[in-house]
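Report on the structure given below.
Where a number appears in this text, it was derived from the coordinates with a stated rule and is not lab data. Because the structure is predicted, anything quoted here is derived from the model rather than measured. Positions of Cβ are generated from backbone atoms using ideal geometry, with glycine treated the same way; all protein chains shown enter the neighbour counts.
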Amino acid sequence: MAEEKAKLIGEVEQAQIDTWKKDPKCLGVVGIIVGGHIAYVKRPDRNVVSYALSQMSFSMTPSNDSLEQAKIEMSLGKMYKQGEAVLVHCWLGGSEEIRSNNKLWTGACMKAGELVEYEEAELKNF
């Protein structure tokens, strides 16, 4: 007899995920798993990415006047705010306990921030 996979709290059927994906505003569905619970979010659009990045700040301290050796610092609080922006604006469904339990919410926020993606770019003078 095959062993069944344990169901996560808040887990939905594939049919629900397919319904979410049919929405033209949905750029994809991602599950965030934390403490045996799951939250479903849509991938952030440009507006959410813009807002999330506005919550970020970096501090760069050159070492020996060399940017290559620079020390870059980022606040965990800022990382949290970035993920929170994604969770708040992109939430589709899942375990409501993630929204009410601070420990679960914090873990989900820290992971959701990774959904703010970008491609490395370069500048070229002509």
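The table for this structure:
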| quantity | calculated |
| --- | --- |
| ³J(HN,Hα), Karplus 6.51/-1.76/1.60, whole Hz, each residue of the range 112-120, x for Gly, Pro | 4, x, 5, 7, 7, 10, 7, 8, 5 |
| Likely footprinting exposure, Tyr40, Tyr80, Tyr118, fewest C-beta neighbours within 10 Å first | Tyr118, Tyr80, Tyr40 |
